Amino acid sequence: MARGGPLDVGGHVEDGQTLAVHFMLWGSLSLRPVGSERPAESLVVLKLDADEELWLTDTLGYARMAVARTTELSTRLKLEELGPEVLDADFTVDHLAGRLSRRRSPLKTVLLNQRVIAGLGNRDADESLWKAGLDPRRLATSLTREELTRLHRAMREVLEEGLSLRGTQRDLFGVKGQARHRRNVFERTGAPCPSCATPIRHERVGGRNTHWCARCQPESGTPSGPTQRLLL
Ligand SMILES: [Zn+2]
(Lines give C-alpha, C1' and ligand atoms only; values in the text may rest on other atoms or scores of the structure.)
Protein backbone atom coordinates (compact mmCIF):
# COMPACT_ATOMS: atom_id res chain seq x y z
CA MET A 1 0.00 0.00 0.00
CA ALA A 2 1.20 3.53 -0.73
CA ARG A 3 2.46 5.48 2.26
CA GLY A 4 2.59 9.24 2.58
CA GLY A 5 -1.14 9.74 2.10
CA PRO A 6 -4.34 7.77 1.62
CA LEU A 7 -4.99 6.03 -1.68
CA ASP A 8 -8.37 7.00 -3.15
CA VAL A 9 -9.94 4.24 -5.19
CA GLY A 10 -12.44 4.98 -7.96
CA GLY A 11 -14.33 2.52 -10.18
CA HIS A 12 -16.65 -0.25 -9.11
CA VAL A 13 -16.52 -3.69 -7.65
CA GLU A 14 -18.37 -5.63 -10.35
CA ASP A 15 -20.69 -8.60 -9.95
CA GLY A 16 -18.62 -11.72 -9.56
CA GLN A 17 -15.83 -9.85 -7.79
CA THR A 18 -14.99 -9.79 -4.11
CA LEU A 19 -13.23 -7.16 -2.04
CA ALA A 20 -10.83 -8.86 0.37
CA VAL A 21 -9.13 -7.22 3.36
CA HIS A 22 -6.35 -8.52 5.58
CA PHE A 23 -5.95 -6.49 8.78
CA MET A 24 -2.54 -8.02 9.56
CA LEU A 25 -1.84 -6.86 13.16
CA TRP A 26 -3.59 -3.52 13.60
CA GLY A 27 -5.71 -2.75 10.55
CA SER A 28 -9.37 -1.75 10.82
CA LEU A 29 -12.23 -0.57 8.62
CA SER A 30 -14.35 2.52 9.25
CA LEU A 31 -17.53 3.68 7.53
CA ARG A 32 -17.98 7.46 7.55
CA PRO A 33 -19.98 10.15 5.70
CA VAL A 34 -18.14 11.83 2.81
CA GLY A 35 -16.30 14.89 4.13
CA SER A 36 -15.45 13.42 7.54
CA GLU A 37 -11.96 14.20 8.78
CA ARG A 38 -9.75 11.26 7.89
CA PRO A 39 -7.19 9.91 10.36
CA ALA A 40 -3.54 10.36 9.47
CA GLU A 41 -3.04 6.64 9.05
CA SER A 42 -5.75 6.10 6.38
CA LEU A 43 -4.25 3.71 3.82
CA VAL A 44 -7.14 3.27 1.41
CA VAL A 45 -10.34 5.26 1.01
CA LEU A 46 -13.16 3.63 -0.97
CA LYS A 47 -15.96 5.90 -2.12
CA LEU A 48 -19.30 4.14 -1.69
CA ASP A 49 -22.80 4.96 -2.87
CA ALA A 50 -25.00 6.92 -0.44
CA ASP A 51 -22.29 9.55 0.26
CA GLU A 52 -20.22 7.29 2.43
CA GLU A 53 -16.56 6.28 2.47
CA LEU A 54 -14.91 3.08 3.67
CA TRP A 55 -11.49 3.66 5.21
CA LEU A 56 -8.81 1.05 5.72
CA THR A 57 -6.49 2.33 8.45
CA ASP A 58 -3.45 0.79 10.09
CA THR A 59 -0.93 2.57 12.30
CA LEU A 60 1.76 0.10 11.20
CA GLY A 61 0.89 0.23 7.49
CA TYR A 62 0.83 -3.55 7.00
CA ALA A 63 -2.90 -4.00 6.20
CA ARG A 64 -3.80 -5.14 2.69
CA MET A 65 -6.84 -4.81 0.42
CA ALA A 66 -7.46 -6.52 -2.92
CA VAL A 67 -10.25 -6.98 -5.46
CA ALA A 68 -10.36 -10.35 -7.20
CA ARG A 69 -12.78 -12.49 -9.16
CA THR A 70 -14.71 -14.46 -6.57
CA THR A 71 -13.96 -17.71 -8.41
CA GLU A 72 -10.22 -16.96 -8.23
CA LEU A 73 -10.20 -15.65 -4.67
CA SER A 74 -9.13 -18.90 -3.06
CA THR A 75 -6.12 -19.25 -5.39
CA ARG A 76 -5.13 -15.57 -5.41
CA LEU A 77 -5.16 -15.32 -1.63
CA LYS A 78 -3.79 -18.84 -1.12
CA LEU A 79 -6.77 -19.71 1.08
CA GLU A 80 -6.30 -23.39 0.32
CA GLU A 81 -3.03 -23.23 2.28
CA LEU A 82 -4.88 -22.32 5.48
CA GLY A 83 -5.63 -24.96 8.08
CA PRO A 84 -9.18 -25.72 9.28
CA GLU A 85 -11.09 -22.97 11.11
CA VAL A 86 -11.33 -23.57 14.85
CA LEU A 87 -15.03 -22.65 14.91
CA ASP A 88 -16.02 -24.89 11.98
CA ALA A 89 -18.63 -27.40 13.13
CA ASP A 90 -16.51 -30.09 11.43
CA PHE A 91 -13.38 -29.25 13.44
CA THR A 92 -13.22 -32.04 16.01
CA VAL A 93 -10.73 -33.15 18.66
CA ASP A 94 -9.56 -35.81 16.18
CA HIS A 95 -8.78 -33.09 13.62
CA LEU A 96 -6.84 -31.12 16.22
CA ALA A 97 -4.91 -34.24 17.22
CA GLY A 98 -4.06 -34.89 13.57
CA ARG A 99 -2.90 -31.32 12.96
CA LEU A 100 -0.64 -31.27 16.05
CA SER A 101 0.75 -34.79 15.72
CA ARG A 102 3.26 -33.79 13.02
CA ARG A 103 4.58 -30.62 14.68
CA ARG A 104 7.62 -30.91 16.92
CA SER A 105 7.45 -27.22 17.89
CA PRO A 106 6.16 -25.39 20.99
CA LEU A 107 2.38 -25.36 21.33
CA LYS A 108 2.27 -21.56 21.13
CA THR A 109 4.15 -21.53 17.82
CA VAL A 110 1.94 -24.22 16.30
CA LEU A 111 -1.33 -22.58 17.37
CA LEU A 112 -0.29 -19.33 15.64
CA ASN A 113 0.66 -21.10 12.40
CA GLN A 114 -2.40 -20.42 10.23
CA ARG A 115 -1.42 -23.31 7.94
CA VAL A 116 -1.97 -25.70 10.84
CA ILE A 117 -5.10 -24.13 12.35
CA ALA A 118 -6.76 -20.92 11.15
CA GLY A 119 -8.26 -18.25 13.34
CA LEU A 120 -6.16 -17.84 16.50
CA GLY A 121 -4.37 -14.54 17.19
CA ASN A 122 -1.69 -14.01 19.84
CA ARG A 123 -4.20 -13.14 22.56
CA ASP A 124 -6.46 -16.06 21.64
CA ALA A 125 -3.57 -18.53 21.84
CA ASP A 126 -2.40 -17.35 25.29
CA GLU A 127 -5.93 -17.32 26.70
CA SER A 128 -6.75 -20.76 25.23
CA LEU A 129 -3.61 -22.34 26.69
CA TRP A 130 -4.40 -20.85 30.12
CA LYS A 131 -7.96 -22.18 30.02
CA ALA A 132 -6.66 -25.59 29.00
CA GLY A 133 -3.91 -25.57 31.67
CA LEU A 134 -1.11 -26.13 29.14
CA ASP A 135 2.41 -24.67 29.17
CA PRO A 136 2.86 -22.79 25.86
CA ARG A 137 6.44 -24.10 25.56
CA ARG A 138 5.45 -27.78 25.53
CA LEU A 139 5.89 -29.66 22.28
CA ALA A 140 2.65 -29.89 20.32
CA THR A 141 3.27 -33.61 19.87
CA SER A 142 3.35 -34.23 23.65
CA LEU A 143 -0.35 -33.74 24.46
CA THR A 144 -2.48 -36.55 25.83
CA ARG A 145 -5.99 -37.16 24.52
CA GLU A 146 -7.45 -35.50 27.60
CA GLU A 147 -5.24 -32.42 27.10
CA LEU A 148 -6.21 -32.22 23.42
CA THR A 149 -9.87 -32.31 24.43
CA ARG A 150 -9.33 -29.45 26.91
CA LEU A 151 -7.42 -27.40 24.33
CA HIS A 152 -10.09 -27.95 21.66
CA ARG A 153 -12.83 -26.76 24.04
CA ALA A 154 -10.75 -23.81 25.30
CA MET A 155 -9.94 -22.51 21.80
CA ARG A 156 -13.58 -22.56 20.77
CA GLU A 157 -14.70 -20.86 23.99
CA VAL A 158 -12.10 -18.09 23.62
CA LEU A 159 -12.99 -17.37 19.99
CA GLU A 160 -16.74 -17.50 20.64
CA GLU A 161 -16.36 -15.09 23.55
CA GLY A 162 -14.24 -12.78 21.38
CA LEU A 163 -16.94 -12.72 18.72
CA SER A 164 -19.69 -12.05 21.27
CA LEU A 165 -17.66 -9.08 22.58
CA ARG A 166 -17.08 -7.82 19.01
CA GLY A 167 -13.33 -8.44 18.99
CA THR A 168 -10.48 -6.26 20.20
CA GLN A 169 -10.54 -3.48 17.58
CA ARG A 170 -13.05 -0.77 16.68
CA ASP A 171 -15.91 -1.87 14.44
CA LEU A 172 -17.07 -0.15 11.23
CA PHE A 173 -18.85 2.54 13.18
CA GLY A 174 -16.01 3.32 15.57
CA VAL A 175 -17.35 1.30 18.51
CA LYS A 176 -14.53 -0.39 20.40
CA GLY A 177 -14.74 -4.16 20.86
CA GLN A 178 -14.62 -5.25 24.50
CA ALA A 179 -12.62 -8.47 24.12
CA ARG A 180 -9.35 -6.74 25.02
CA HIS A 181 -10.70 -6.20 28.55
CA ARG A 182 -11.50 -9.92 29.02
CA ARG A 183 -8.15 -11.52 29.55
CA ASN A 184 -6.72 -13.78 32.18
CA VAL A 185 -3.06 -13.85 31.19
CA PHE A 186 -2.50 -11.93 27.93
CA GLU A 187 -0.36 -8.82 28.55
CA ARG A 188 -0.86 -9.21 32.33
CA THR A 189 2.83 -9.82 33.14
CA GLY A 190 3.38 -9.82 36.93
CA ALA A 191 -0.34 -9.50 37.73
CA PRO A 192 -1.98 -12.29 39.78
CA CYS A 193 -3.45 -15.27 37.94
CA PRO A 194 -7.28 -15.12 38.34
CA SER A 195 -7.29 -18.77 39.40
CA CYS A 196 -4.33 -19.11 41.81
CA ALA A 197 -2.85 -15.57 42.26
CA THR A 198 0.61 -16.64 40.99
CA PRO A 199 2.23 -13.73 39.08
CA ILE A 200 1.80 -14.14 35.32
CA ARG A 201 5.03 -14.95 33.45
CA HIS A 202 6.15 -13.45 30.16
CA GLU A 203 8.66 -14.76 27.60
CA ARG A 204 9.02 -14.75 23.87
CA VAL A 205 8.13 -18.15 22.46
CA GLY A 206 8.82 -18.61 18.77
CA GLY A 207 9.41 -14.85 18.53
CA ARG A 208 5.96 -13.96 19.91
CA ASN A 209 5.16 -12.39 23.29
CA THR A 210 3.70 -15.13 25.45
CA HIS A 211 2.00 -14.96 28.84
CA TRP A 212 1.10 -17.82 31.17
CA CYS A 213 0.70 -18.98 34.77
CA ALA A 214 3.49 -21.36 35.78
CA ARG A 215 1.27 -22.97 38.42
CA CYS A 216 -1.90 -23.50 36.36
CA GLN A 217 0.12 -24.39 33.26
CA PRO A 218 3.04 -26.51 34.58
CA GLU A 219 5.73 -27.82 32.23
CA SER A 220 5.01 -31.38 33.21
CA GLY A 221 1.32 -31.23 32.33
CA THR A 222 -1.62 -31.04 34.71
CA PRO A 223 -4.78 -33.04 35.31
CA SER A 224 -7.09 -30.06 34.73
CA GLY A 225 -6.96 -26.42 33.61
CA PRO A 226 -7.65 -23.36 35.79
CA THR A 227 -11.17 -22.94 34.43
CA GLN A 228 -12.08 -26.45 35.44
CA ARG A 229 -10.62 -25.93 38.92
CA LEU A 230 -12.52 -22.68 39.38
CA LEU A 231 -15.73 -24.59 38.75
CA LEU A 232 -14.99 -27.21 41.40
ZN1 LIG B 1 -2.70 -19.75 38.01
Residues in region 59-75: is at least one of a type in the set (Phe, Trp, Tyr) and at pLDDT 80 or above?
-> yes
For residues that are of a type in the set (Phe, Trp, Tyr) and over 18 Å from Met24 (Cα atoms), tally how many sit in region 36-68.
-> 0
Scope region 49-81; condition assigned to a helix (DSSP H, G or I) and either surrounded by 11 or more Cβ atoms within 10 Å (Cβ to Cβ) or out of contact with any helix residue (DSSP H, G or I) (no Cβ under 9 Å at 6 or more places or on another chain) (or both); matching residues = Thr70, Thr71, Glu72, Leu73, Ser74, Thr75, Arg76, Leu79, Glu81
Among the listed residues Arg123, Arg153, Arg166, Arg137, which satisfies the condition of being modelled with pLDDT of 90 or more, charged (D, E, K, R) and assigned to a loop (DSSP other than H, G, I, E, B)?
-> Arg137
Give the residues of region 82-115 that are closer than 21 Å to Glu203 by Cβ, without any contact (Cβ under 8 Å) to a residue 40 or more places away in the chain and touching a Gly at 6+ places or on another chain (Cβ under 9 Å), sorted by residue number.
-> Val110, Asn113
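The values are calculated or read from the model by the stated rules, or taken from the named source; none is laboratory data. It should be emphasised that the depicted structure is a prediction, and the values quoted were computed from it without experimental measurement. Because the Cβ atoms are built from the backbone with ideal geometry, glycine has one as well, and the counts that use them run over all protein chains shown.
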